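Here the structure is laid out as structure tokens; the discussion comes afterwards.
The values are calculated or read from the model by the stated rules, or taken from the named source; none is laboratory data. Here the structure is a predicted model, which means the values were calculated and not measured. Virtual Cβ from ideal backbone geometry, glycine too; neighbours counted across all protein chains shown. Each accessible area value is taken on the protein alone, full model and side chains, heavy atoms only, with ligands, DNA and RNA left out. Shrake-Rupley method; radii C 1.70, N 1.55, O 1.52, S 1.80 Å.
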Amino acid sequence: MIDADKLKELRDTHAISEEEYLEQKKRLAAAVLREGRRAERKNGIVYILLAFFLGAIGIHNFYAGYWGRALSQLCLSVISPWFLFLPLMMVSLWVLAEILFVNRSADGKLFEGSRRIVWWLRIATVAVLALGFSYNGLVVDEAGVEEVFVY
């Protein structure tokens, strides 16, 4: 693709018509805009990993540009010890919902990155939580008898 200066030179030397010049100029502008948008998009894989590991303090929302959400999650996590950690439980459910359903950054642009990897990360998150909540303790005493107790 040619640049804007070369395009003007071709028009000025009458190598291309005015209509062709305008068409090429539109194509060049569209390509520049596409390239600019591509550079500004956030990665969905990074968003989900940040949410999984640092979601309680809202780091993933700072990354995506959701400053209000991020500050709310951070404040709720900080005050959580004074309220029997109930706010932290609410934030955890909130983060799980964001992992599963958020696909855009704050400026409305879709996350970039492999959609397949994003879906696998979402499935893995649900699987890890399901395994964590369904854990049963298994104890074997001296006689070799297995005792199962449920938390």
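Figures for the structure shown
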quantity	calculated
Gyration tensor (alpha-carbon) shape descriptor, segment 30-108, a/c threshold 1.5	prolate
Global form of segment 1-69, assessed from the alpha-carbon gyration tensor, a/c cut-off 1.5	prolate
List LYS25, LYS109, ordered by accessible area with a 1.4 Å probe, largest first	LYS25, LYS109
Net charge of Cβ neighbours under 15 Å - reference HIS60; Lys, Arg +1; Asp, Glu -1	+3
Potential lengthening between MET90 and ARG41 on full extension [0.36 nm per residue; Cα-Cα distance subtracted]	14.8 nm
Of [x] 14.9, 47; [y] 26.2, 98; [z] 14.4, 42, the label for Rg and Dmax of the Cα atoms in Å derived from the coordinates	[y]
Total lysine pairs whose alpha carbons fall under 27 Å of each other in the chain (8 or more apart, or interchain)	8
Label-point separation, ALA15 to VAL126 (7 Å along Cα→Cβ), nm	5.8 nm
